[in-house]
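The values are calculated or read from the model by the stated rules, or taken from the named source; none is laboratory data. Not measured: the values here are computed from a predicted model. Every residue, glycine as well, gets a Cβ built from its backbone with ideal geometry; the counts of neighbours run over all protein chains shown.
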Amino acid sequence: MDSSKFKQAQPLRTLHLHIGIPKTASTWLQSKVFTSLEHLRYLDCPCNLLFESREDHAENRLMASIFKRSSQIWRGFGDVIFENLIGDRDTWLADGRSLLISEEAIGRQGSRPALLAAHIREMQNSAADWGFQQVNIVCVFRRQDHWLASHYAQMSNRNLRPGQADFERLVHGVTSPQASRYSFGMLLDYSKLYDQLVEVVGPERLLMLPYELLQDSPSFFLQSLLERLDTPAEKIEEIISGTTGTKANVRSEQGIWRLRRRRVRRFAGLSLRSWAFSPREKTIKLTPDIAHQVHKAYSVGNRELAGKVAVDLEKYGYFGFGEIN
């Protein structure tokens, strides 16, 4: 009898992509979780060494440079890209491991989900020549009203007049079809993102998890994520026991988001900040009216998404008013 029939089946060699929508604990995952996965080769936000424009060098992220271009780049330049990522092809083929790339710049292209899917499709075809038998995508998303508040707070030090009125202008623009609902606002249309990606890799190779699950049940979140990355059971247990209880950077408290101070300016020999004379730290508030405005724009898609992912999104307020925290 052929003894090979009794050998444990080895996982297919996989290109894992953590597409990292911003403000969903990507930095925490990159620094505390992915670096522990010895069974994979892990690339954290690969630097750009290929493209020459000023914009490419300013951001200095290879995947951002690639995904901003036509998806046809993989047909004409795919081998060069993979060589830049993982080195000599023969050496990589002999390595035997799968590859994990984590990059928020890919997730940002969710604002153009059809183009993102086209890139994944072409990347998948190029990856086959480098020994990858499949592409696996993991993506963490976040309730849209909370995401907008968190995003605004993070970017507030770049605004000339940061504050509540400016935040409300952002929300109006993102949720208005006449403004940016179908441009930047598509980044938060997670149901459409799911539909586009699942057409490329199939439902069994796409894992989308809510950020709120990480906050509510970190062990379950990590178990789901690490199993999808083909992580050995003993390593999963080790990571969960070592990371449970740690928290990502948070700038909010009960619906109030603290804004960032602008960079120090020099005036008459003195260092001043944009609100140096304000006795209180600036904040924004996610009011019920703002939350309702956001939910009105996205709740239908969220209900559709709930039927595709194995997580109770209603529990986390994706369908309407929930706890604002």
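Kindly provide the set of residues from segment 39-80 that are among the basic types (K, R), under 21 Å from the mean Cα position of the chain (by Cα) and exposed (fewer than 14 other Cβ atoms within 10 Å of the Cβ), ordered by number. I'd like the intermediate steps shown before the answer.
From segment 39-80, those among the basic types (K, R) are 41, 54, 61, 68-69, 75; that's our starting set.
From what's left, under 21 Å from the mean Cα position of the chain (by Cα): 41, 61, 68-69.
None - no residue of segment 39-80 is among the basic types (K, R), under 21 Å from the mean Cα position of the chain (by Cα) and exposed (fewer than 14 other Cβ atoms within 10 Å of the Cβ), so the list stays empty.
Restricting segment 210-245 to residues that are touching a Phe, Trp or Tyr at 6+ places or on another chain (Cβ under 6 Å) and of a type in the set (A, V, I, L, M) leaves a set whose member that is farthest from E38 (Cα to Cα) is L213. Output the qualifying pairs, or none if there are none: Cβ atoms under 9 angstrom, residues six or more apart or on different chains, first residue in segment 282-305 and closer than 26 Å to R260 by Cα, second residue part of a strand (DSSP E or B) and not aromatic (F, W, Y). Partner pairs satisfying both residue conditions: K282/R258; T283/I256; T283/R258; I284/I256; I284/R258; K285/I256; L286/S252; L286/I256. Summed over segment 30-83, the residues that are among the acidic types (D, E) and in a loop (DSSP other than H, G, I, E, B) give a count of 2.
Quick grid of which residues meet (1) modelled with pLDDT of 95 or more; (2) in contact with a Leu (Cβ under 8 Å, 6 or more places away or on another chain); (3) surrounded by fewer than 15 Cβ atoms within 10 Å (Cβ to Cβ):
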| site | (1), (2), (3) |
| --- | --- |
| R262 | no, no, no |
| R265 | no, yes, yes |
| A276 | no, no, yes |
| P279 | no, no, yes |
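Taken as a whole, segment 91-101 holds no residue that is assigned to a loop (DSSP other than H, G, I, E, B) and buried (at least 18 other Cβ atoms within 10 Å of the Cβ). Would segment 108-123 turn up any residue that is of a type in the set (D, E, K, R), in contact with an Asp or Glu (Cβ under 8 Å, 6 or more places away or on another chain) and touching a residue at least 40 places away in the same chain (Cβ under 8 Å)? No, because not a single residue in segment 108-123 is of a type in the set (D, E, K, R), in contact with an Asp or Glu (Cβ under 8 Å, 6 or more places away or on another chain) and touching a residue at least 40 places away in the same chain (Cβ under 8 Å). The criterion of at least 2 residues that are surrounded by 14 or more Cβ atoms within 10 Å (Cβ to Cβ), without any contact (Cβ under 8 Å) to a residue 24 or more places away in the chain and in contact with a Gly (Cβ under 8 Å, 6 or more places away or on another chain) is met by none of the helices (runs of 4 or more DSSP H) falling completely within segment 204-244.
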